[in-house]
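The structure under discussion appears below in the form of structure tokens.
Laboratory data are not the source of any read-out in this text; all were calculated from the coordinates shown. What you see is a predicted model, and the numbers here were worked out from it, not measured in a lab. Methodologically, a virtual Cβ is constructed for each residue, glycine included, from the backbone with ideal geometry; neighbour enumeration extends over all protein chains shown.
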Amino acid sequence: MRCADLLAQRDEPVDRAGGGAVVEVYPAASLKQWGLPARSYKGRGNAPALGLLVDALLKAASWLDLGECAGACRKSDDAFDALVAALTARAAADPLLTIPPDD
């Protein structure tokens with residue numbers, strides 16, 4: 001809701017299809033699009049699955065170096081989701097995204 005309020009205050013309209021300065025990201029959708037597991041990695045009980053998912057992402061994106069953030073991504077699904085959102089936003093800036101069809 002906070003984001004919606006901030007976006008409403010902008011002088012220019014927001015292109016919700018991803019063509020503007022703002023990109024709406026759903027980490028599960030990005031993971032699915034990348035061919036990675038998009039379920040069952042959230043919550044303390046799923047820590048092993050989160051670690052495997054981080055490994056899978058690093059294997060798929062061999063250029064990615066998490067540096068000091070690796071531990072946080074393995075311990076926190078929120079940190080991992082933030083990483084996925086950042087990668088997706090960067091892909092939108094290049095542009096390297098697949099835009100959903102109108103239907």
*Could you give every pair whose Cβ atoms fall below 7 Å, whose first residue belongs to the stretch 20-46 and is on the phi < 0 side of the Ramachandran plot and assigned to a helix (DSSP H, G or I), and whose second residue is buried (at least 16 other Cβ atoms within 10 Å of the Cβ) and charged (D, E, K, R), counting only separations of at least 6 or pairs across chains?*
P27/D81
*Please indicate, with yes or no, whether at least one residue in the stretch 26-37 is closer than 27 Å to R2 by Cα and in contact with a helix residue (DSSP H, G or I) (Cβ under 6 Å, 6 or more places away or on another chain).*
yes
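Check whether at least one residue in the stretch 53-62 is touching a residue at least 12 places away in the same chain (Cβ under 8 Å) and exposed (fewer than 11 other Cβ atoms within 10 Å of the Cβ), and report yes or no. Walk me through it before giving the result.
To start, the set of residues in the stretch 53-62 that are touching a residue at least 12 places away in the same chain (Cβ under 8 Å) comprises 53-54, 56-57, 60-61.
Filter once more, keeping what is exposed (fewer than 11 other Cβ atoms within 10 Å of the Cβ): none.
Within the stretch 53-62 (the criterion being touching a residue at least 12 places away in the same chain (Cβ under 8 Å) and exposed (fewer than 11 other Cβ atoms within 10 Å of the Cβ)), the answer is no, since none of the residues qualifies.
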_If I ask for residues that are within 26 Å of T98 (Cα to Cα) and assigned to a loop (DSSP other than H, G, I, E, B), which ones from the stretch 2-16 would you list?_
R10, E12, P13, V14, D15, R16
*Residues (closer than 26 Å to S76 by Cβ and touching a residue at least 40 places away in the same chain (Cβ under 8 Å)) located in the stretch 1-17*: none
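Looking only at the stretch 61-80, decide whether some residue is of a type in the set (K, R) and in a helix (DSSP H, G or I). Please lay out each step first, then the result.
Our first condition is that a residue be of a type in the set (K, R); within the stretch 61-80, this holds for 74-75.
Within this subset, residues satisfying the condition of being in a helix (DSSP H, G or I) are 74-75.
Yes, the conditions are met somewhere in the stretch 61-80.
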